[in-house]
Amino acid sequence: MRPAVYIPHHHGAERLGVALRALGEQTRPVDVVVVDNGSADGSREMVEREFPEVEVVALGRNLGFGPALNRAIERRPADPLILLNNDAVPEARFVEALLETAAMGAEMVAGVMLQDGGGGAGADVHARIDSAGVVADATLMGFDYLHGEPLAALVGAAAPLGPTGGAALYRHGAFRAAGGFDERIFLYYEDLDLALRLRAAGARCELAGEARAAHAYSASLGAASGEKYSRTGWSRGYMLRRYGVMSRPASALRALACEAALCAGQLLRDRTARGLAGRLRGWREGGGLERREPPSDGLLEITAREALALRRRRRG
């Protein structure tokens, strides 16, 4: 099978067009598949009119990030699978750098998302990293790897736990063996969950430091919106229960303290309790399911204070 780039999409025809134009200028040509989650803003018509070489998998309604990609990969398989956010603009060597790194034999490759304005032809030493993959602590709280660091931090950097879903490469066989993305997770943390399952199965991740794309952070829902807090909260509650974090006394106490601090911050700063409500819903819906075991290595050894500091840095 040939490699292909998959772009999950729900509204935002203009930013999708920018991403597709950048993919058309890659040093390594690649097939592109837009996975349309029921857009009603003319996105499909725009792709058919301006990018006839791009394949569209139309789902008719919004299934969420991971479920939409599962459907598209099943209908239109490729190897390797390359994922790109619709609000990310890849540099010319994005695809080539991912494929070069994948040739080293890793089942996952993490691309690098740069803070908006830091990518494209104008990228320089002053650009800042938005995410170079995902990492997690002992309670499976996830963080964007190297967030806020300069490009120089990529030199000699260790590989993350796994790639962020917005700039990722997966080998098709490993993705299928792991069951793809969890269909219960609508949005957020689906990439961390997949990385945990792949790593627990013995898969390896590499970092492709030259596979870069400028990213408009939370362009769809907003960085501090109640809707985003609700979605991230659900995924966090679900992960805590699915991986049995609360069954271990030390990690349970730490998780409770950190989640209480985060929810209190959202309530005081943004006047919303939707993050707390989302966590409770996710916890309930994660009950009665087969327990998942986290990988035996690859998790960050940091304190709760350090974890909250990383979370505040992301919020800032």
When you scan the range 185-195, do you find a residue that is under 22 Å from the mean Cα position of the chain (by Cα) and hydroxyl-bearing (Ser, Thr, Tyr), even just one?
yes
First in the range 271-297 and more than 21 Å from Arg248 (Cα to Cα), second anywhere and aliphatic (A, V, I, L, M) and crowded, with 18+ Cβ neighbours inside 10 Å, Cβ under 8 Å, 6 or more apart
Gly275/Leu262
Going through the range 32-65 one residue at a time, which ones are within 22 Å of Phe94 (Cα to Cα) and touching a residue at least 60 places away in the same chain (Cβ under 8 Å)?
Phe65
Note: among Glu107, Glu50, just one is in the same structural domain as Asp191 (by TED's automatic domain parsing), touching a strand residue (DSSP E or B) at 6+ places or on another chain (Cβ under 9 Å), at pLDDT 95 or above and among the acidic types (Asp, Glu), namely Glu107
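Being within 24 Å of the chain's Cα centre (by Cα), within 14 Å of Leu140 (Cβ to Cβ) and not in a loop (DSSP other than H, G, I, E, B): is that true of Ala277 here? If you could, list the steps in order and put the result at the bottom.
Details: within 24 Å of the chain's Cα centre (by Cα): yes; within 14 Å of Leu140 (Cβ to Cβ): no; not in a loop (DSSP other than H, G, I, E, B): yes.
It is false that Ala277 is within 24 Å of the chain's Cα centre (by Cα), within 14 Å of Leu140 (Cβ to Cβ) and not in a loop (DSSP other than H, G, I, E, B).
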Is there any pair with a first residue in the range 177-189 that is closer than 15 Å to Arg242 by Cβ and a second that is at pLDDT below 95 and not in a loop (DSSP other than H, G, I, E, B) whose Cβ atoms are under 8 Å apart and which are 6 or more apart or on different chains, and what are they?
Tyr188/Lys228
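Check Leu187, Leu256, Leu207, Leu268 and return the single one that is touching a helix residue (DSSP H, G or I) at 6+ places or on another chain (Cβ under 9 Å) and in a helix (DSSP H, G or I). Quick ask: steps written out before the conclusion?
Numbers: Leu187 fails: in a helix (DSSP H, G or I); Leu207 fails: in a helix (DSSP H, G or I); Leu268 fails: touching a helix residue (DSSP H, G or I) at 6+ places or on another chain (Cβ under 9 Å).
The unique qualifying residue is Leu256.
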Just checking, which of Glu227, Glu210 is modelled with pLDDT of 95 or more and among the acidic types (Asp, Glu)?
Glu210
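Could we say that Leu289 is outside the structural domain of Gly148 (by TED's automatic domain parsing) and either within 20 Å of the chain's Cα centre (by Cα) or part of a helix (DSSP H, G or I) (or both) here?
Numbers: outside the structural domain of Gly148 (by TED's automatic domain parsing): yes; either within 20 Å of the chain's Cα centre (by Cα) or part of a helix (DSSP H, G or I) (or both): no.
Here the answer is no, as Leu289 does not meet what is asked.
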Tell me which residues, restricted to the range 12-29, are surrounded by fewer than 18 Cβ atoms within 10 Å (Cβ to Cβ) and assigned to a loop (DSSP other than H, G, I, E, B).
Gly24, Glu25, Gln26, Thr27, Arg28, Pro29
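The values are calculated or read from the model by the stated rules, or taken from the named source; none is laboratory data. For clarity, every value in this text was computed on a predicted model and none was experimentally measured. Positions of Cβ are generated from backbone atoms using ideal geometry, with glycine treated the same way; all protein chains shown enter the neighbour counts.
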